Structure formats: C-alpha cells, structure tokens
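Below: one structure, written as structure tokens.
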Amino acid sequence: MNTSKFMVIGGQVQQLPQAFELAAQVICLDLEDTVPAAMKDRARAALPHLVELAGRTGKTAAVRINPLSTYEGLRDLLLLQQLEHAPLMIVLAKTESARDVVLVRDLVEPVHGALHLQPIMHIATGRISSLIAHTQASARSGPPAPPNPSAVIAASSSSSSGKRPASFAL
C-alpha cells in the first residue's frame, strides 16, 4: 500500500486545517529548513494543534525536526519530550549516524511510547548500515504503524545546482 505525506511548511502553520482535508494519510509539520529562524517558535507552538487535528481526522501526525547537531534540533527534541501528546512519526533531518536515532528513541519514547522514526541522511556523510540496523532494532509494539514507515536516505549531490537531493526508500 502506498502512503502519501503532505509537508506543511512550519512558517505557514495557518494551513494546518486545510492540510487535513487533503487525501494524504500523513500530515507532516516541517520545523527544519523551510522555517525562517524568526518563525521557529511559532511553528513549534503549532505541534499540539497538529496532533489534535490528526486525532480528529484519523490521519497520522508527523514532524520533521532540525538536525540534532544544532541548537534548534535540541530545542525540537526537548519540546517533543514536553508535549502532552506527540506526533506518531518523527522525521530526523540530516541524520549523521545511528546515534541520532537512538537519542530520539531513548529520550522521547519513554514519555510517549513507541513512535515511528524516519531518519534522513546524506549518503556521503552517513554510516548507512549502522543506521539501518538501529532503525530496525528500534521497532517496538505500540500504536498502529502508518502505512509503509520506511527509512529514507537522501542522496547528496556534489553539484551546486540548488536542486534538492533525490530520496530512496529502504
């Protein structure tokens, strides 16, 4: 079964209600590079509303967080720990190693139960086999899985064309 994911740009949180009217099964709020620095707090404040809308519509709420090697990524992780209800899927942008996946799992799952972690890493900088092993090992029983919760790896491009890297599902 195919899954469609709709990304809501974190700087445009007013679009959340309309996103849940679309046919996509997963609605993902992007807190990472689509959000200007001055709007990151506003985007984070929309997370509880995202989870609430997902609960009312039967869709899966997801959030794409900043890289954990950054201050903004650590703020995202702390927020996820503090939420009353977390999104069922966390997309880890610019994952550097399996350690990032383990860190999110170990800090967020004890508070919210099993979550679906979707690491995105650049092939040129990541240790893919280690990441795959840790991602598979982190699968636990818990809430129903969104359809096809695969790890995604972004192939980095050495060109300066400004194009987004291609993605591959494992």
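The values are calculated or read from the model by the stated rules, or taken from the named source; none is laboratory data. What you are looking at is a predicted structure, and each value in this text was computed from that prediction instead of being measured. As a convention, Cβ positions derive from the backbone with ideal geometry for all residues, glycine included, and neighbour counts pool all protein chains shown. Protein only, heavy atoms only, side chains kept; ligands, DNA and RNA dropped before computing areas. Shrake-Rupley method; radii C 1.70, N 1.55, O 1.52, S 1.80 Å.
Using the per-residue mean of other Cβ atoms lying within 10 Å as a proxy for protection, in what order, highest first, do the peptides 8-14, 80-86, 93-99 fall?
Details: 8-14: 18.1, 80-86: 14.6, 93-99: 20.7.
Output ranking for 8-14, 80-86, 93-99: 93-99, 8-14, 80-86.
With the simple model of a label 7 Å out from the Cα in the direction of the Cβ, LEU22 to GLN82 spans 2.9 nm. Evaluating 6.51 cos²θ - 1.76 cosθ + 1.60 at θ = phi - 60° for every residue in segment 5-20, the Karplus couplings come out as 10, 10, 8, 9, 5, x, x, 10, 5, 5, 8, 3, x, 5, 4, 6 Hz, glycine and proline recorded as x. When restricted to Cα atoms, segment 1-69 yields an Rg and a Dmax of 11.6, 39 Å, respectively.
Computed from backbone phi with θ = phi - 60° and the Karplus coefficients 6.51, -1.76 and 1.60, the 3J(HN,Hα) list for segment 21-29 is 8, 7, 7, 4, 7, 10, 10, 10, 8 Hz; x is used for glycine and proline.
Cβ under 11 Å from VAL35's Cβ, VAL35 left aside: what net charge do those residues give with Lys, Arg +1 and Asp, Glu -1? Before the final figure, lay out each step's value.
Values: positive: LYS40, ARG42, ARG44, ARG64; negative: ASP30, GLU32, ASP33, ASP41, GLU72, ASP76.
Computed value for this residue: -2.
So if the hydrodynamic radius of segment 38-115 is defined as the Kirkwood radius over C-alpha pairs, what does Stokes-Einstein give as its diffusion coefficient at 25 °C and 0.890 mPa s, in µm² per second? D, rounded to a whole number, is 192 µm²/s. Solvent exposure of segment 22-100, expressed per residue, is 44 Å² of accessible area, with all protein chains present and a 1.4 angstrom probe. Cross-link partners for LYS5 among the aspartates and glutamates, with Cα-Cα distance under 20 Å and sequence neighbours closer than 8 places in the same chain left out: GLU21, ASP30, GLU32, ASP33, GLU52.
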